[in-house]
Amino acid sequence: MKKNFHIITLFPEVIESYTKVSILGRAQKNKILSVNTYQLRDFAQNRWGKVDERAYGGGPGMILRAEPIVRAVNAIRKNKPRATVLIMSAGGKPFTNALARVYAKNHNDVIIVSGRYEGLDARVKKILGAQEISVGPYILTGGEIPALAVIDAVSRHIPGVLGKYESLEEGRVASHDVYTRPEILLYRGKKYRVPKVLLSGHHAKIDELRGRRRSLGKNT
């Protein structure tokens, strides 16, 4: 079943410039998945395309209004009624590789709302039954980068997206040391060598080394 991502954003070009190339671009050409962008201003219903207002109670910055977001999601759900809605938020549920597998396996259509400014009206979450997702304990200028992280991570678990299943090896998150040619790298008079065990052809020892590094990585 084809997987579809629907991104509501003020900057569709940010999403498209990344998803149209490399592995995600190839997956779309092969019709394994699709990434669709929606300009939030198109749902503003005013002559200026204005989608933000000042916050009740005061405070700096502007807040995205609920109405255009709800209209955008409903327009998508008209054809995709079972679509899951995610809101990118620093205060949301931490996004993990396990969660990426869940979305890849159980959700054919994922709508991602990319916030801007000081965030979006909190009533959006209640109205749409949306899930708040965080890609890390930090603040970004907008939700486009988190949305791309979710798309990328989920897509890797969709059959056919990666060239080889081995490329999905989750351990590389912890075991980050990999090597390629040359065997000996000479830099400023010092030799940097590839670990001998990786050149031995002894697969059991190689797996043991990688497993040990993964275990160490999980404890740090």
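Condition check: assigned by TED's automatic domain parsing to the domain that holds Glu132 and surrounded by 17 or more Cβ atoms within 10 Å (Cβ to Cβ). Does Ile23 satisfy that? The answer is no for Ile23. Checked against the criterion of being of a type in the set (Val, Ile, Thr) and in contact (Cβ under 8 Å) with a residue 40 or more places away in the chain, region 91-105 has no qualifying residue.
Residues in region 81-100 that are surrounded by 15 or more Cβ atoms within 10 Å (Cβ to Cβ) and under 21 Å from Asn4 (Cβ atoms): Ala83, Thr84, Val85, Leu86, Ile87, Met88, Phe95, Leu99, Ala100.
Yes/no per residue for (1) of a type in the set (Phe, Trp, Tyr); (2) within 26 Å of Leu162 (Cβ to Cβ):
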| position | (1), (2) |
| --- | --- |
| Val14 | no, yes |
| Lys20 | no, yes |
| Ile23 | no, yes |
| Gln28 | no, yes |
| Leu40 | no, no |
| Trp48 | yes, no |
| Val51 | no, no |
| Tyr56 | yes, no |
| Gly59 | no, no |
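Specify the residue that is surrounded by the fewest Cβ atoms within 10 Å (Cβ to Cβ); the eligible residues are those in region 1-20 that are over 15 Å from the mean Cα position of the chain (by Cα) and of a type in the set (A, V, I, L, M, F, W, C). Applying the filter and picking the extreme gives Met1. Pick from region 107-118 the residues that are surrounded by fewer than 18 Cβ atoms within 10 Å (Cβ to Cβ) and not aromatic (Phe, Trp, Tyr): which of them is farthest from the chain's Cα centre (by Cα)? The selected residue is Glu118. Note on region 1-84: enclosed strands (runs of 3 or more DSSP E) holding 3 or more residues that are closer than 17 Å to Ala147 by Cβ and free of Cβ contacts under 8 Å to residues at least 60 places away in the same chain are 33-39.
What's the total number of residues in region 128-139 that are out of contact with any strand residue (DSSP E or B) (no Cβ under 6 Å at 6 or more places or on another chain) and either of a type in the set (Phe, Trp, Tyr) or surrounded by 15 or more Cβ atoms within 10 Å (Cβ to Cβ) (or both)? Of the residues in that region, 2 qualify.
The values are calculated or read from the model by the stated rules, or taken from the named source; none is laboratory data. On a predicted model such as this, the values are computed, not experimentally measured, just so you know. So basically every Cβ, Gly included, is an ideal-geometry build from the backbone, and we count neighbours across all protein chains shown.
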